[in-house]
Every structure is written in structure tokens, then in C-alpha cells.
Amino acid sequence: MWKPGTDFTTMRCLTHLLLRRLLGLSPQCMPGGLSQSKGPILSPKQSSLRQSCNARPGLVTATDVVNYWQKVFETNGIPEARESSEYIVSFVLGAKTFQSLNSKSLRTPLTAVQQEQIQQLSNKRLERMPVQYVLGEWDFQDLTLKMRPPVFIPRPETEDLVSLVVEEESRKCEKNSSLCFPGPVPHPVILEIGCGSGAIALSLLCKMPQSRVIAVDKEKAAVDLTAENAHRLQLQERIHILHHDVSYSSAKQLLLWGPIDFIVSNPPYVFHEDMASLDAEILRYEDLDALDGGDDGMRVIKTILALAPSLLKDSGSVFLEVDPRHPDMVDKWLQAHPNLLLILHAIHKDFCGKPRFLHIQKQSR
Amino acid sequence: MSGVSTKASQSDGTGFIPEKLCPRFCMNVPSLFHFTFLLREVRTPSWRPWILRKQQFSLPRVPLLQAARKKNSLNLLGLTEAELEEQFVRGDGPGGQATNKTNNCVVLKHIPSGIVVKCHQTRSVEKNRKIAREILQEKVDLFYKGEDSDIFKEKKASEKKKQEKKRRAKENLERKKHFKEMQQLDKK
């Protein structure tokens with residue numbers, strides 16, 4: 001609760017602290033110990049922004065603070081200045097987005113504690129840390145997942161990859177029921193290669209309540225984070241998470257639940273030559289192995305496709321997220337390797353209209 | 001509903017692009033795009049550009065509208081994807097793994113009426129797309145049907161309920177007050 005009097009003094013002090021920092025003076029208790037040379041660049045005019053924000057000095061609303069940090073980020077060349085500021089402030093106020101806050105929250109003065117929290121988070125953003133790592137969480141479809149560097153942050157495009165798998169499964173079910181196949185409710189077994197934070201695996205488990213997932217990643221950090229997210233969502237009974245590198249380890253362990261219905265992956269698919277031009281947010285904080293697909297971006301894609309026939313049931317499917325240049329390349333590669341008995345069944349676009357998802361089917365003999 | 005803003009562009013017909021969106025927007029290719037709005041089936045247009053040999057390009061389906069609380073019983077005009085224009089603040093660039101943009105705002109326009117809905121309610125693009133369609137459908141229904149719209153009727157009904165509640169609460173308060181006054185008189 002914001003109490004006039006005590007907190008007013010605290011806020012004043014805070015502003016003073018902030019002022020010192022903003023003017024490039026040695027920060028006294030800044031986390032991470034930013035040195036003067038690396039500190040954010042702000043003109044003295046900038047530093048008085050906070051005080052001039054509204055009529056009553058010392059009282060700041062959410063909107064004031066968002067505007068303030070937006071300016072700070074802009075001055076320091078931080079991309080998505082407005083968005084970053086909004087997400088941070090919303091998070092501290094317990095909301096997901098700024099626009100989901102009601103008008104009352106927008107007008108309520110922020111407590112000193114809240115302002116301090118915003119400052120701590122914003123400092124991280126000033127170091128080009130991705131917002132998802134700053135907040136330590138992010139949303140993927142209906143799930144809120146913990147995020148932790150350097151585990152790869154799920155991209156919004158990938159939400160559609162999950163939808164494609166769910167639709168294919170329901171299409172298969174419909175087909176089976178129309179053909180009057182008897183038997184119990186199917187328990188689709190899904191293998192995810194490169195699970196990262198667990199976004200795809202856990203989304204699939206939520207959308208397909210009968211499914212089981214085997215999730216693998218070559219990085220222990222990813223395996224741990226997926227496990228943590230699985231536990232938070234109470235999905236640990238239906239998922240097996242393995243620390244496993246598909247490029248080097250035997251695939252036998254992946255058959256612990258028998259032949260697989262779907263292989264899903266968002267494998268590293270960036271062309272090696274494009275890696276250097278990625279944003280600082282990515283290069284400084286994310287695991288580059290989760291991105292670099294080698295010279296043609298196909299290294300891991302090929303590994304997965306080579307592995308697929310021995311793992312998949314007949315007419316099982318592989319769903320991949322890829323670079324827009326890959327559909328043609330994959331098609332050609334599959335035709336050059338007919339022994340794999342895999343065909344490129346469909347190419348799906350992402351929400352920006354780019355060819356992004358491949359549906360590859362195993363042909364029954 | 002907080003989190004969404006609307007702009008009807010009847011005045012100039014081009015009042016579509018909000019402030020800082022990049023001019024490039026992504027047209028939906030409605031080929032295999034199914035989006036069932038409540039009671040109405042969406043017609044999928046038959047034309048399909050960009051057919052690459054045997055493969056079909058298709059856009060990801062926006063998840064079917066879940067039967068949301070009250071919406072089940074409402075009879076709203078159906079919207080087809082062909083009538084909609086969707087825009088995302090993604091900027092130019094490769095997208096996918098190569099970028100890590102956090103702006104998940106969806107801007108959805110109903111071309112025939114010019115109604116625009118902007119949704120940044122959640123941190124998920126997919127959810128924002130879905131919510132934008134729900135809101136747009138309500139706005140469009142209101143636009144064409146006016147007072148005949150179920151949305152209008154529902155709003156009126158809830159307003160009436162609210163007023164009724166207020167009136168009753170006021171009555172109760174006055175009754176209590178009166179009772180207390182009577183008690184005071186009795187004591188004397």
C-alpha cells in the first residue's frame with residue numbers, strides 16, 4: 001500500500017539515486033556493477049523527466065514510468081523501447097501486457113518497491129538482455145513458461161507449429177473413426193528434438209490430453225528448464241525428458257514408448273553466414289547452437305530426417321520449423337534420398353506469410 | 001474490454017495503419033484457412049495462389065473460437081477470412097529464429113465496414129489473433145445490426161441489471177436508516 005509520508009521520502013531518495021546514475025556518476029548500489037564507461041548515456045535534461053512527469057512531484061503512475069523508461073531505452077539504442085518498457089512495468093504490476101491493465105491501475109501511483117523492481121529489470125534490459133530473460137518468463141499459446149539464459153526463447157511463429165500437429169492428429173482420428181477402426185482411444189507418442197524451454201512439448205501435452213511426449217535436448221540447461229516447466233504445469237507424468245544429442249547418440253533410447261506418431265522440431269536452421277548479423281539480444285544471451293544450422297542451415301534438419309524412418313510408425317509424420325529457403329532444399333534432398341521413404345507432404349506459411357513449416361510423411365511400404 | 005482499441009474508418013476509408021506500424025502488412029491467403037465463428041461456417045475461397053508442384057501453401061489456422069461463456073447463445077454475423085486484413089508489428093526481416101521481437105500486437109481490419117481492432121491483450125500472438133477476431137465480430141455485428149444486435153441487447157440487459165441492483169441496495173440502505181431512526185425514537 002502506498003502510504004503518503006514515509007514512502008514519499010523513499011521515493012525522493014530513489015529519484016536522487018536514479019539521478020546520480022543517469023548523470024553518469026558511479027552507481028552506488030546497482031546490481032551487476034555497471035561501470036561508468038558502460039553506463040547508459042543520458043543528458044541532464046533526461047534525468048529530470050521523472051520529476052516533470054506529473055503535477056505532484058514524487059508521485060508516479062504506471063503510464064509515467066512506462067514513458068520514462070521508453071525514453072531511456074530509446075536514448076540508449078535499445079530496440080523495442082516502448083514494448084520493453086510496457087512489459088516490464090506490467091510485469092511488476094502483475095499483468096501480462098500494458099493494454100490489459102485497467103484504467104484504475106494506470107492511474108494508481110506506484111509504490112517505492114515497485115519502482116525499484118522496475119529499475120532493476122530495466123537495468124538488465126539496458127544491457128540488451130531479451131525481455132523474456134529479464135522477466136524470467138514468457139507465454140507460449142496458453143502457457144506461461146520460465147525462461148532462463150541461455151536456453152532458447154520460443155518464437156511466436158512456433159505457436160503455429162503446435163497447431164499443425166494437433167490438427168493432423170485430429171484429422172487422423174476422424175479418418176480412423178470414419179473407417180470404423182475399433183480400439184481404445186489412441187495415445188499419440190510424440191518425439192520433440194531440441195526441446196529448449198519445453199514450449200512445444202508442453203503445449204502439445206496440454207492440447208492433446210491423451211498424448212505422451214519424449215523430449216530431448218543436447219544441452220543440460222534446456223533439459224533442466226523443460227523439466228522445471230513440466231513440473232510447474234503438472235505435466236511431468238506424461239513427458240520423458242532426455243539429455244541426448246541426436247547427432248551422436250544411438251536413437252534406440254528414443255523408442256522407450258515404441259514407434260513414434262509424430263516427430264516435431266524447431267531445429268537450429270539459421271544459415272551460418274547469417275549468424276553474425278543477428279541482434280545483440282540473441283548473440284549475447286541465447287545459446288547459439290540452438291540457432292546455427294551450419295552452412296546451409298540444414299545440418300540438424302538432415303540428421304532428423306535421416307533418423308525419422310527408424311523411429312516413426314508407418315504413415316507417421318515429421319513436422320519441422322525451417323528457414324523460408326528450406327522447403328525447396330528439403331524437397332530436393334528427400335528426392336535424392338529415396339531410401340528414406342519420406343515425402344514432403346505440405347508446406348505451411350507462418351502468420352507473416354513466409355513458408356515456415358514442413359509436413360513430411362513416412363510412406364508405408 | 002480493456003486491451004483492445006477500435007477505429008471505425010468511415011470518414012476517410014484509409015484510417016487503418018496505426019501510428020508506428022511498418023507499411024508492409026501480411027495478407028492472409030485464405031486457401032486452407034478455416035475459422036468457424038460461433039454458429040456460422042466460414043466459406044473457404046476456392047482460389048489458391050502459389051501452388052508449388054504438389055505442395056500446398058497454407059496459412060496456420062487460427063484456433064477455432066472456443067465456446068466462451070456467454071458467447072454460445074449469441075447469434076452474430078459470421079466473418080470470413082477473405083474479408084479480413086491482418087497486420088503485425090514485426091518489421092522487415094527474416095523472422096523465425098533469426099529475430100526475437102516481443103511485440104505481439106495484432107491489428108485486424110474488416111474490409112467491408114472499415115472497422116479496425118487492435119489487440120495486445122496477451123503475450124501470445126496466437127491468442128491475440130483469436131481475441132481480435134472475437135472483438136471484431138462483435139463490433140461488426142453491432143455495426144450492421146445496431147439495436148437488433150445480440151451484443152447491444154446483452155449490454156442493455158446487463159445495464160438494466162446493474163441499475164436494478166443499485167436501486168435495491170439504495171432501498172435497503174434507506175430502510176435500515178429508517179429503522180434506526182425509529183429505534184432512537186423508541187428509546188426516548
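Just so you know, all these numbers are worked out from the coordinates, no wet-lab data involved. Computed from a predicted structure; not experimentally measured. No Cβ is skipped: glycine too gets one built from the backbone with ideal geometry, and neighbour counts run over all protein chains shown.
Counting only other chains, and only Cβ atoms inside 10 Å, what mean value do you get across the residues of A:87-99?
3
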Difference of contour (0.36 nm per residue) and Cα-Cα distance, A:SER247 to A:ARG299: 17.8 nm
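From other protein chains only, count the Cβ atoms within 10 Å of every residue's Cβ in B:112-124, then give the mean.
For this peptide, the per-residue mean of nearby foreign Cβ atoms is 4.
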Computed curve, segment B:70-149, Cα-only Debye sum without solvent term, log₁₀ I(q)/I(0) at 0.13, 0.16, 0.17, 0.23 Å⁻¹, is -0.46, -0.65, -0.71, -1.08
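Using a 10 Å cut-off around each Cβ of peptide A:59-68, what is the average number of partner chain Cβ atoms that fall inside?
Average per residue, whole number: 0.
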Where does the Debye-calculated log10 I(q)/I(0) of segment B:129-188 sit at q = 0.20, 0.21, 0.28 Å⁻¹, using only Cα point scatterers of equal weight, no solvent? -0.81, -0.84, -1.02
Read phi for every residue in segment B:128-136 and hand back ³J(HN,Hα) as whole Hz from Karplus 6.51 cos²θ - 1.76 cosθ + 1.60, θ = phi - 60°, with x for Gly and Pro. 5, 5, 5, 5, 4, 5, 4, 5, 4
Per 5 Å bin, what is the whole-percent P(r) computed from every C-alpha pair distance within segment A:87-224? 2, 9, 15, 16, 14, 12, 10, 8, 6, 4, 2, 1, 1, 0
B:ILE115's amide H: which non-local residues (gap 5+, or another chain) put their own amide H closer than 5 Å, with H modeled 1.01 Å from N in plane and none for Pro or chain starts? B:SER9, B:HIS110
Enumerate the amide H contacts of A:ILE263 below 5 Å, restricted to partners 5 or more residues apart or on another chain; note that Pro and chain-start residues carry no placed amide H. A:LEU191, A:SER317, A:VAL318, A:PHE319
Rough spin-label spacing in nm, given labels placed 7 Å along Cα→Cβ, for B:GLN183 and A:HIS337: 8.6 nm
Please list the three semi-axes, largest first and in whole Å, of the ellipsoid equivalent to segment A:226-305, using sqrt of 5 times the eigenvalues of its alpha carbon gyration tensor. 27, 19, 10
Take the Cα radius of gyration of segment A:162-299 and divide it by 2.2 N^0.38 Å, with N its residue count; two decimals is plenty. 1.17
Amide hydrogen neighbours beyond the local backbone of A:ILE241, cut-off 5 Å, H modeled: A:ALA215
Unit charges at the beta carbon, dipole of segment A:162-302: most positive-side option, A:GLN210, A:GLY198, A:ILE282: A:GLN210
Span from the segment A:316-364 Cα centroid across to the segment B:79-125 one, whole angstrom: 26 Å
Based on the Cβ-Cβ distance of A:SER310 and B:ALA82, what FRET efficiency does E = 1/(1 + (r/R0)^6) give at R0 = 56 Å, to the nearest 0.05? 0.80
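Based on the Cα coordinates of segment A:221-365, what is the per residue volume of their convex hull in Å³?
Once divided by residue count, the hull of segment A:221-365 is 140 Å³.
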Which whole-number value in Å³ per residue fits the convex hull of the alpha carbons of segment A:302-365? 73 Å³
Give the cross-link partners of B:LYS153 among the aspartates and glutamates, using a straight C-alpha distance below 18 Å as the criterion and excluding same-chain residues fewer than 8 apart. B:GLU134, B:GLU138, B:ASP141, B:GLU164
Taking a threshold of 26 Å on the Cα-Cα distance, which of the pairs B:LYS130/B:LYS161; B:LYS118/B:LYS145; A:LYS71/A:LYS146; A:LYS220/A:LYS302; A:LYS71/A:LYS104; A:LYS96/A:LYS172 fall above it? B:LYS130/B:LYS161; A:LYS71/A:LYS146; A:LYS96/A:LYS172
